[in-house]
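Q: Take this structure first; my questions come after.
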Amino acid sequence: MATIGVLIETEDGNVKDTNFGVLTAARGQGDGTIVALMMDGSAEEAKGSLEKYGATKVVQVSVDGADLDASPDLKARALAAAIENFNLDVLLGLASAQGRDLFARLAASMDLPLASDCVALDLAAKTVKKSHFSGKTFATVKMSGSVMLCAVRPNAVEAQEAPAEAAVESFAAAVQDPGLVRVVDVKKETIDNVDLTEAAVIVTGGRPIASADNYKILDECARLLGGATGASRAAVDAGFAPHPMQVGQTGKTVSPRLYIGCGLSGSVQHFAGMKTSKVIVAINTDKDAPIFEKCDYGIIGDLFEVVPVLTEVLKEK
Ligand code: FAD
């Protein structure tokens with residue numbers, strides 16, 4: 001039976017919801033041990049939520065006297081030490097901005113195979129399904145090597161509770177900081193929006209939104225659905241929305257349960273970032289718009305008429 005490690009990501013010390021999908025993916029691989037590795041936030045505090053999704057061990061990984069967030073290389077070395085200490089066969093994590101950075105450093109330092117942006121896993125067969133060429137194709141990749149490293153696309157696997165009893169442990173890695181890179185400041189996104197990569201519902205506006213002010217129409221609808229507002233690059237380039245809201249090849253990669261595209265043509269580059277959404281709804285005035293060939297539900301209509309009606313219906317609920 002495999003021992004699967006899951007690197008847990010936190011935000012302001014709280015476990016991000018997207019970790020639960022990764023734990024579910026780990027749980028789905030059989031009855032092995034699931035070791036949740038915490039490099040920030042408290043393992044003791046996280047235990048309750050992590051065991052609800054099947055973690056059988058929660059480990060606080062640290063390096064004496066060091067701030068792991070200040071040195072990505074030291075963090076990667078500490079993680080490598082944890083992989084060896086707990087004899088992990090596989091390490092899963094999120095293919096987030098932080099996850100991609102850390103997993104790449106880890107793979108290089110341990111000379112291990114890495115699959116990023118995975119949407120499905122079969123760890124017994126050592127295969128993963130991952131997107132290629134900006135989401136144009138999906139490939140099933142066979143991995144070799146002593147330990148598999150897989151960064152999973154946030155929300156690609158739906159979180160399902162599978163309660164377990166988890167023990168909490170501490171692991172102090174005896175590793176040195178190579179001192180190559182030092183993080184001196186982190187500037188957080190300041191926009192008032194739910195994190196797009198975490199959102200279960202996203203309402204996105206394209207070029208025809210025509211102004212920053214008009215995004216309020218989408219914001220209201222998104223809030224009522226408990227979701228976030230996104231933008232196409234055309235809308236961002238036109239100055240209607242800030243870049244952190246951009247979805248696509250050069251923006252965020254998202255996998256919400258519901259994606260409502262308002263005034264999007266359906267470009268390949270936009271789809272590269274949201275193709276794995278569970279249900280895609282398109283609102284477009286042009287019945288021949290390419291997005292209608294790629295969505296689950298299409299509404300031929302003006303977003304400025306359709307979205308307010310949807311919002312009113314949601315308010316009545
Ligand atoms: P448009 O293509 O202008 O489409 C607008 C659509 O809205 C049309 O189909 C129109 O019929 C419809 N419409 C008009 N008025 C209304 C209305 N009132 N109500 C409803 N529908 C209406 N794009 C991204 O989005 N994300 C990326 O990350 C990205 N990265 C890129 C990277 C590269 C290297 C390149 C070359 C391009 C990238 N692009 C990206 C740009 C991409 O090619 C498209 O230009 C862009 O996605 C188009 O945005 P859009 O759909 O909002 O606008």
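Q: Working with all protein chains in place, sort I83, I299 by solvent-accessible area computed with a 1.4 Å probe, largest first.
A: So the residues, ranked largest to smallest area, are I299, I83.
Q: Per residue, how many Å² of accessible area does the stretch 4-172 show with a 1.4 Å probe?
A: Here the per-residue accessible area is 41 Å².
Q: Extending each Cα 7 Å along its Cβ direction at T137 and E44, get the distance between those two points in nm, one decimal.
A: If labels sit at T137 and E44, their model points lie 5.2 nm apart.
Q: Please identify the trypsin sites (Lys or Arg not before Pro) of the stretch 105-140 that satisfy two criteria: DSSP loop assignment and at most 12 other Cβ atoms within 10 Å. Which are they?
A: Those satisfying the criteria are K136.
Q: Leaving ligands, DNA and RNA out of it, report the carbon-plus-sulfur percent of the accessible area of the chain at a 1.4 Å probe.
A: Carbon and sulfur together cover 50 percent of it.
Q: Can you list the aspartates and glutamates whose alpha carbon sits under 17 Å from that of K142, skipping same-chain ones fewer than 8 residues off?
A: D89, D111, D117, D122
Q: Lysines within cross-link reach of K278: Cα-Cα under 17 Å, excluding same-chain residues under 8 positions apart?
A: Straight-distance partners of K278: K129, K130, K136, K252, K294.
Q: Then there's this: Applying the Karplus parametrisation 6.51 cos²θ - 1.76 cosθ + 1.60 with θ = phi - 60° to the phi angles of the stretch 135-143, what ³J(HN,Hα) value in whole Hz is obtained for each residue in order, glycine and proline being reported as x?
A: Those phi angles translate into x, 5, 9, 10, 10, 9, 10, 8, 10 Hz.
Q: Roughly speaking, what is the stretch gain from D122 to A70, that is 0.36 nm per residue apart minus the C-alpha to C-alpha distance, in nm to one decimal?
A: Computed gain between D122 and A70 is 15.3 nm.
Q: Next up: Picking from T276, V58, V194, whose Cα lies most toward the positive end of the charge dipole for the chain (charges on Cβ: Lys, Arg +1; Asp, Glu -1)?
A: Farthest along the dipole direction, towards plus: T276.
Q: Largest first, how would H270, H132, H243 line up by accessible area (1.4 Å probe)?
A: Order by accessible area, largest first: H243, H132, H270.
Q: Roughly how much of R77 is accessible, in Å² to the nearest 10, using a 1.4 Å probe?
A: Approximately 100 Å² of R77 is accessible to the 1.4 Å probe.
Q: Now, a different point. Express in Å², to the nearest 10, the accessible area of S134 obtained by rolling a 1.4 Å probe over the protein heavy atoms while all chains stay in place.
A: Accessible area, nearest 10 Å²: 50 Å².
Q: Here's a follow-up. Counting only helical runs of four or more DSSP H residues, what would the 222 nm mean residue ellipticity of the chain come to if each run contributes -39,500 (n - 2.57) and the total is spread over all its residues?
A: -8000 deg cm²/dmol
Q: Show me the chymotrypsin sites (Phe, Trp or Tyr not before Pro) within the stretch 91-138 that DSSP assigns to loop and that have at most 15 other Cβ atoms within 10 Å of their Cβ.
A: Qualifying residues, ordered by number: F133.
Q: Can you give me the long-range amide H partners of V279? Hydrogens built in the peptide plane at 1.01 Å from N, cutoff under 5 Å, separation of 5 or more residues or another chain.
A: Amide H to amide H, under 5 Å and 5 or more residues apart or across chains, V279 pairs with L258, Y259.
Q: Continuing with this model, one more query. Can you give the extra length, in nm with one decimal, that the chain gains between E158 and A174 once fully stretched, where that is 0.36 nm per residue apart less the Cα-Cα distance?
A: Difference between extended and current length: 2.2 nm.
Q: For M38, M1, give me the order by solvent-accessible area with a 1.4 Å probe, most accessible first, ignoring ligands, DNA and RNA.
A: The ranking, largest first, comes out as M1, M38.
Q: Okay, next question. Long-range amide H contacts for E169: which residues qualify at under 5 Å (H placed 1.01 Å from N, peptide plane, sequence gap of 5 or more or a different chain)?
A: Here the answer is V58, V59, Q60, since their amide H atoms fall under 5 Å of that of E169.
Q: Put a dot 7 Å past each Cα toward the Cβ at K129 and A167; how far apart are the dots in nm?
A: Between A167 and K129, the label points sit 3.6 nm apart.
Q: Kindly report, to the nearest 10 Å², the accessible surface of D195 as traced by a 1.4 Å probe over protein heavy atoms only.
A: Result for D195: roughly 50 Å² accessible.
Q: Of M148, S42, G5, which is farthest towards the positive pole of the stretch 4-172's charge dipole, taken about the Cα centre with +1 and -1 on the beta-carbons of Lys, Arg and Asp, Glu respectively?
A: Of the options given, the answer is M148.
Q: Give me a comma-separated list of calculated 3J(HN,Hα) values for the stretch 116-127, in order, Karplus coefficients 6.51, -1.76, 1.60 applied at θ = phi - 60°, integers in Hz, x for any Gly or Pro.
A: Running phi through 6.51 cos²θ - 1.76 cosθ + 1.60 with θ = phi - 60° gives 9, 6, 6, 10, 7, 9, 9, 6, 5, 7, 6, 10 Hz.
Q: Same structure again: Find the centroid of the Cα atoms in the stretch 66-85 and in the stretch 233-282, then give the distance between the two in whole Å.
A: 34 Å
Q: Given H placed on each backbone N at 1.01 Å, which residues far from G54 in sequence or on other chains put an amide H within less than 5 Å of it?
A: A162, A164
The values are calculated or read from the model by the stated rules, or taken from the named source; none is laboratory data. Because the structure is predicted, anything quoted here is derived from the model rather than measured. Glycine gets a Cβ as well: all are built from the backbone with ideal geometry, and neighbour counts include every protein chain shown. Ligands, DNA and RNA are stripped out before the accessible areas are found, and what is left, the full protein with its side chains, is counted by its heavy atoms. Shrake-Rupley method; radii C 1.70, N 1.55, O 1.52, S 1.80 Å.
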